[in-house]
1. Find the centroid of the Cα atoms in segment 73-89 and in segment 22-45, then give the distance between the two in whole Å.
2. Work out how much length residue 52 to residue 25 would gain on full extension: take 0.36 nm times their residue separation and subtract the Cα-Cα distance, in nm to one decimal.
3. Can you send over the solvent-accessible area of residue 99, 1.4 Å probe, protein chains only, in Å² to the nearest 10?
4. Which value, in nm² and rounded to one decimal, describes the direction-averaged projected area of the C-alpha convex hull of the chain?
5. Which of 94, 12, 72 sits farthest toward the positive end of the charge dipole of the chain, with +1 on the Cβ of Lys and Arg and -1 on the Cβ of Asp and Glu?
6. If I take every Cα pair under 8 Å that is 6 or more residues apart in segment 61-103, average their sequence separation and divide by the length, what percent do I get for the relative contact order?
7. Between residue 43 and residue 2, with labels modelled 7 Å along Cα→Cβ, what's the label distance in nm to one decimal, could you check?
Amino acid sequence: IDHRGNEMTFNMKLVPRPPGSKPRRVRVCVGAAETPMLDDSGREVMLLKPEWRDDGVFAAGLRYMNPVQELTIERYMEDKRMVEHVRYPSKGIQMRRIFKQIA
């Protein structure tokens, strides 16, 4: 994530890369009502009302479009690694992904 002021550019490159996928870049503006994106599997999602919280956490709503599913997402640093924490309230599920630096 390249963060400059209220704009962020998400550079997504999966390693190893699933067949048919390619690196993607999405520009996100903090406070925007909606930002269309694709998830790691290429499914359409909408990032909703992204914000930087006072505790340094990036938080947003996340809506999958087909079928429609509502989630929340938080990204933050933990032990020098980026963590993605996704909550799926309607099913009572939470998931944490811990990323490693590759470049």
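The values are calculated or read from the model by the stated rules, or taken from the named source; none is laboratory data. Treat the numbers as computed from the prediction; the structure is a model and nothing was measured. Here the Cβ positions follow ideal geometry from the backbone for every residue, glycine too, while neighbour counts run over all protein chains shown. Each accessible area value is taken on the protein alone, full model and side chains, heavy atoms only, with ligands, DNA and RNA left out. Shrake-Rupley method; radii C 1.70, N 1.55, O 1.52, S 1.80 Å.
1. Segment 73-89 and segment 22-45 have Cα centres separated by 17 Å.
2. My answer for the length gained is 7.7 nm.
3. 60
4. The number I arrive at for the chain is 7.2 nm².
5. Value computed over the given set: 12.
6. 28
7. 2.9
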